[in-house]
Amino acid sequence: MGEINITFPASSFPRRIGGVTVENPVWLAPLAGITVPSVRLFFRTLGAGLAHTEMISCAGLLHGSKKTLAMLRILDGERPVVLQLFAGDERTLLEGALIAASSSAFDAVGINMACPMPKVLKKGAGSRLLDRPEVAGAMVRSLAAAGLPVWVKTRKMPENSPIGTLAFTEMLLEAGASHVCIHGRSPRQRYGGDSDRSVILSVASAFPGMIAASGDVYSPDDVYDLLVGGCSAVFVARGSFRDPFLVPAALHRCGFPVDKSLLGADPGRRIEKLLLLGDGLAAEEGERIALLLLKRFLSGIFRGLCGASQFRRTIALATTWESMRATLVDWKVFAERGEQCD
Ligand SMILES: Cc1cc2nc3c(=O)[nH]c(=O)nc-3n(C[C@H](O)[C@H](O)[C@H](O)COP(=O)(O)O)c2cc1C
């Protein structure tokens, strides 16, 4: 497909998608335990056009769980942010959304109809809603009636389902959803096997501007191909663990302006960004969570530099942010010498 067919010219942004004004269509996906405020802010400063919270339990909000209420926190500079909720029925969802709306400034409410994990399915939530289209529709209608922009993240429908992905998506949009993201794996696949791009693209062509893609987004070309194929936006999920700088690389590939120092030639600048992420995480989430999350994002950044394995080992063994920080600072000096492996 030639560049002529591109339906997302960078010059058409900022643009409103699903009722939210965004600078670009490369977005941070919702990731449970990972897309905490400092991580979202980090990806926004790398250029992501929008970020999602991790999924938040409406039952937890209704029970006044301190841990769940703390998930509503949004930092200055993060927005646009989509707050993703999960519930098994429309009443719990609406009540949870109203609690969230009274204490948090987000741009849209996302309903999780995608999670395949047993503890969520047991509650009738997540991808269990693909088997309960009438409840899924009622959920969208109740939030839309409350005046909240409603986004849905769903999956490819199971093969034995009486309705297909296109019909399910159409039902959500008719019920009042402003935007739908489709993960191209069925619930049974969980996170394994391949994501079916063709099903996403065929729904996207039926509802232009309304359908974002998720699944197997690992390279700038993956993002480019999904946008050229007609998706309104692309969610970056596990690709961000492999390379936290995938977002600026993808933006560059798609013709959006980016801070060129984040594109690879300048390891020192990238490490500076990671140091800021670490400082933010340590202050916001505490040292234990900060170390866990940083180890996830740092594993991919040592590729291609001689001597990096020693730094990788030291980082993996770090038990305090202070020691990990010191290793990163050492590595910055080392990386700036620019010794490349063959
Ligand atoms: C650790 C982890 C946590 C996730 N948490 C959520 C979540 O809270 N809400 C959601 O809608 N999807 C969640 N997802 C799914 C991702 O948003 C994404 O749809 C999925 O990983 C497919 O994209 P990928 O193949 O590019 O990683 C999660 C995925 C992973 C790996």
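Every number here is computed from the coordinates shown, using simple stated rules; none is lab data. On a predicted model such as this, the values are computed, not experimentally measured, just so you know. All Cβ positions, glycine included, derive from the backbone under ideal geometry; neighbour counts span all protein chains shown.
From the phi of every residue in the range 213-218, what ³J(HN,Hα) in whole Hz does the Karplus formula 6.51 cos²θ - 1.76 cosθ + 1.60 yield, where θ is phi - 60° and glycine or proline is x?
Taking θ as phi minus 60°, the curve returns 10, 9, x, 6, 9, 10 Hz for the range 213-218.
Write down the Kirkwood hydrodynamic radius of the range 68-208, to one decimal in angstroms, obtained as one divided by the mean of 1/r over all alpha carbon pairs.
15.3
Given the rule -39500 (n - 2.57) for each run of at least 4 DSSP H residues, summed and divided by the residues of the chain, what is its mean residue ellipticity at 222 nm, to the nearest 500 deg cm²/dmol?
-13000 deg cm²/dmol
How large is the dipole of the chain about the Cα centre if only Lys and Arg carry +1 and Asp and Glu carry -1, each at its Cβ, rounded to the nearest 20 debye?
For the chain, the charge dipole is close to 720 debye.
When we measure straight from the Cα of K156, which aspartates and glutamates land under 14 angstrom away, once same-chain ones fewer than 8 places off are left out?
The qualifying aspartates and glutamates are D131, E170, D194, D196, D216.
Where does each of 50-63, 10-23 land if you order them by average Cβ count within 10 Å, highest first?
Top to bottom by mean Cβ count within 10 Å: 50-63, 10-23.
May I ask you to give the average projected area over all directions of the convex hull of the Cα atoms of the range 267-336, in nm² rounded to one decimal?
3.9
Out of F106, T68, P118, whose Cα points farthest toward the positive end of the dipole of the range 65-124 (charges: +1 Lys, Arg; -1 Asp, Glu; placed on Cβ)?
Most positive-ward Cα: P118.
In the structure displayed, which of K153/K295; K66/K119; K67/K273 lie more than 23 Å apart, Cα to Cα?
Over 23 Å Cα-Cα: K153/K295; K67/K273.
With the Cα gyration tensor of the chain in hand, give its eigenvalues times 5 under a square root as the equivalent ellipsoid semi-axes, listed largest first in whole angstrom.
Output for the chain: semi-axes of 34, 24, 18 Å.
Hey, what did the range 200-342 get for relative contact order, percent, Cα under 8 Å, at least 6 apart?
Computed value for the range 200-342: 19 percent relative contact order.
With +1 on each Lys and Arg Cβ and -1 on each Asp and Glu Cβ, and nothing else charged, work out how big the dipole of the range 267-336 is about its Cα centre, in Debye to the nearest 20.
Around 360 debye, computed over the range 267-336.
Quantify how much of the Cα-Cα distance distribution of the range 1-103 extends past 15 Å, in percent.
The proportion of pairs with Cα distances above 15 Å equals 65 percent.
5 Å is the cut-off here: which amide hydrogens, built 1.01 Å from N in the peptide plane, fall below it relative to E54, excluding neighbours closer than 5 in sequence?
Amide H neighbours of E54: L31, T35.
About the Cα centre of the range 31-128, what is the dipole size in debye to 20, counting +1 per Lys and Arg Cβ and -1 per Asp and Glu Cβ, all else neutral?
Around 320 debye, computed over the range 31-128.
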